[in-house]
There are 2 protein chains.
Amino acid sequence: MSTAEPPRPSFAETLEVRDRCLCFATQRAARALSRRFDDAFRPLELTNGQYSLMMALNQPQPPSLGRVADFLAMDRSTLTAALKPLVRRGLVAVAEDPRDRRGRRPSLTDAGRALLAAALPIWRETHAAVDAELDAAGAGPAELRAALWSLA
Amino acid sequence: MSTAEPPRPSFAETLEVRDRCLCFATQRAARALSRRFDDAFRPLELTNGQYSLMMALNQPQPPSLGRVADFLAMDRSTLTAALKPLVRRGLVAVAEDPRDRRGRRPSLTDAGRALLAAALPIWRETHAAVDAELDAAGAGPAELRAALWSLA
DNA sequence: ACAATATGGTTTGATATCAACATAAACTTC
DNA sequence: GAAGTTTATGTTGATATCAAACCATATTGT
């Protein structure tokens, strides 16, 4: 028969995905939260991703790039790219690992630490507001955190 | 005094952000879930974002770009860009809105609906696995979904 | 009808993201 | 110690993401 209907998902199936897909819900929330923290950090010309990355670098011993990427659940090549603007701005320095000549060890500069210190109260304030909204919605920030961490 | 210490966040503060930041946890989970669904959809050369977008277009009446962007909690300009590869592949067509000459109405083509129908069982399978893992971790998929939706 | 404003989309420029491939150094096995 | 393997990272090319500036069409106020 030449008049076969092409397969098509029903609208009910669309609603099923909309109402159930955790991937979609997470991407959506990630976009919304990104914007919110980006707005808050904007006076410092810092994005939420840069804030998280710099925080991850604020350790007693500089971690390897691989360890940072794993911690952020991010591709290694993404991390390489993400470091570039920070290095360019003098917030992060990348040193060679003396024990392994393949390895490179990123760390915050004094300027990076100073900027991160300035960002911290902004984070606290913004985060407290988000927490409060979740509580008001009965959503349980602690459980949400735990569930999100269990996904990666 | 010329030897003033530059301000620096303590390591304890770094741990506080790591353990409490919902923005970070959400970005991290979003990356991990993205990869997972991207892997699953790879045989169809479809990303999780393209899947969600196409699902959002599977409606009785083509929505406006603005409404789709709101629904995805995504910038309008992001949506414009995201549609391009789909239009190029002939999966989506964008028509003019007869009632408002500024407006454009995206909709799935037959090829788009067929691909989406092929993707649906892959989504079901992958999503069931994620759901099961969350349950096993005692994380409560339904509560997680509700919390994520309350953020946007 | 005209001017001012609002709305729907696009373009541009920057960063973010990943997969696939490439490179180099360390390690392992023989 | 040479060959093969694994590990750490970088490069390239594509899509995703946003804000800011912009253009065209509606809408509103007078």
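Per residue of the protein assembly as shown, what 222 nm ellipticity follows from adding -39500 (n - 2.57) for every DSSP H run with n ≥ 4, rounded to the nearest 500?
Working: 14 runs with 196 residues, N = 304.
When only DSSP H runs of four or more count, the value is -21000 deg cm²/dmol.
If you put a point 7 Å past Cα along the Cβ direction, how far is that point for A:R102 from the same point in each other copy, in nm, smallest first?
A:R102 label point versus its equivalents elsewhere: 5.6 nm.
Taking amide hydrogens as modeled 1.01 Å from N in the peptide plane, which residues meet the under 5 Å criterion relative to B:T109, leaving out close sequence neighbours?
Long-range HN contacts for B:T109: B:V92, B:A93.
Give the average, rounded to an integer, of partner chain Cβ atoms located within 10 angstrom of each Cβ in A:134-146.
Numbers: counts 4, 0, 1, 5, 4, 8, 5, 4, 1, 6, 13, 9, 6.
Taking all residues of A:134-146 together, the mean is 5.
For chain B, what is the relative contact order in percent, using Cα pairs closer than 8 Å and at least 6 residues apart in sequence?
Normalised by residue count, the contact order of chain B is 19 percent.
Suppose R0 equals 22 Å. What FRET efficiency, 1/(1 + (r/R0)^6) with r the Cβ-Cβ distance, do B:R20 and A:A95 give to the nearest 0.05? Please list the in-between numbers first.
On the way: r = 30 Å, r/R0 = 1.35.
Efficiency computed from Cβ-Cβ geometry: 0.15.
Largest first and in whole Å, what are the equivalent-ellipsoid semi-axes of the stretch A:94-152 based on the Cα gyration tensor, each being the root of 5 times an eigenvalue?
Details: eigenvalues 249, 76, 4 Å².
Semi-axes (√(5λ), whole Å): 35, 20, 5.
Can you sort B:W123, B:W149 by how many other beta carbons sit within 10 Å, fewest first? Mind dumping the intermediate values first?
On the way: B:W123 24, B:W149 16.
Going from sparsest to densest Cβ surroundings: B:W149, B:W123.
All other residues with a Cβ under 13 Å from the Cβ of B:A32 taken together, and with Lys, Arg as +1 and Asp, Glu as -1, what is their net charge?
Values: positive: B:R28, B:R31, B:R35, B:R36; negative: A:D70, A:D75, B:D38, B:D39, B:E133.
Here the charged neighbours net out to -1.
Using a 10 Å cut-off on Cβ to Cβ distances, tally the other chain neighbours for every residue of B:101-110 and report the average as a whole number.
On the way: counts 0, 0, 0, 0, 0, 0, 0, 2, 1, 4.
Counting other chains' Cβ atoms within 10 Å and averaging over B:101-110 gives 1.
When the convex hull of the Cα atoms of the stretch A:1-77 is projected onto a plane and the area is averaged over all directions, what value comes out in nm²?
On the way: hull surface 38.9 nm².
Result: a mean projected hull area of 9.7 nm².
Would you work out which of B:T26, B:A4, B:G49 lies farthest towards the positive end of the dipole of chain B? Charges go on Cβ: Lys and Arg +1, Asp and Glu -1.
Towards the positive end, the residue furthest out is B:G49.
Please give the charge dipole size of the stretch A:31-147, origin at the Cα centre, charges +1 on K and R Cβ atoms and -1 on D and E Cβ atoms. Round to the nearest 20 debye. Before the final figure, lay out the partial values.
Working: 17 positive and 14 negative charges, 126 e Å.
Rounded to the nearest 20 debye, it is 600 debye.
Where the centroid of each part is defined by its Cα atoms, how far is the stretch A:65-97 from the stretch B:111-138 in Å?
Rounded to whole Å, the Cα centres lie 33 Å apart.
According to the square roots a ≥ b ≥ c of the eigenvalues of the Cα gyration tensor, what is the shape class of the protein assembly as shown, taking rounded for a/c under 1.5, prolate for a/b larger than b/c otherwise, and oblate for the remainder?
prolate
Please give the contour-minus-distance gain from B:R8 to B:D38: 0.36 nm per residue of separation, less the Cα-Cα distance, rounded to one decimal in nm. Don't skip to the end; give the middle numbers.
On the way: separation 30, 0.36 × 30 = 10.80 nm, distance 3.90 nm.
Value of the extension gain: 6.9 nm.
Assume the label is 7 Å from Cα along Cα to beta carbon: what separations in nm does A:A114 have to the matching positions in the other copies?
Once sorted, the set of distances for A:A114 reads 6.2 nm.
For the rotation taking B to A, I'd like to know which residue in chain B has the C-beta closest to the axis, plus that distance in Å.
B:A30, 2
Quick one: with label points 7 Å out along Cα→Cβ, list the inter-copy distances for B:E45 in nm, shortest first?
4.1
How many percent of the alpha carbon pairs in the stretch A:31-147 exceed a separation of 23 Å? Mind showing how you got there, number by number?
Working: 2474 of 6786 pairs.
When every Cα pair of the stretch A:31-147 is considered, 36 percent fall beyond 23 Å.
Take every residue in peptide B:70-83, count the Cβ atoms of other chains within 10 Å of its Cβ, and give the average of those counts. Don't jump to the answer; show the numbers that get you there.
Values: counts 0, 2, 4, 10, 5, 2, 0, 0, 1, 0, 0, 0, 0, 0.
Across B:70-83, the average partner-chain Cβ count within 10 Å equals 2.
Taking only complete DSSP H runs, can you tell me which helices of chain A stretch 20 Å or more along their own long axis by Cα positions and average at least -0.5 on the Kyte-Doolittle scale?
Details: long enough: A:22-41 (27 Å, -0.13); A:110-136 (39 Å, 0.25).
Going by DSSP H runs, the hits are A:22-41, A:110-136.
None of the figures in this text is laboratory data; all of them are computed from the coordinates on show. For clarity, every value in this text was computed on a predicted model and none was experimentally measured. FYI the Cβ positions are ideal-geometry reconstructions off the backbone, even for glycines, and counts take in every protein chain you see.
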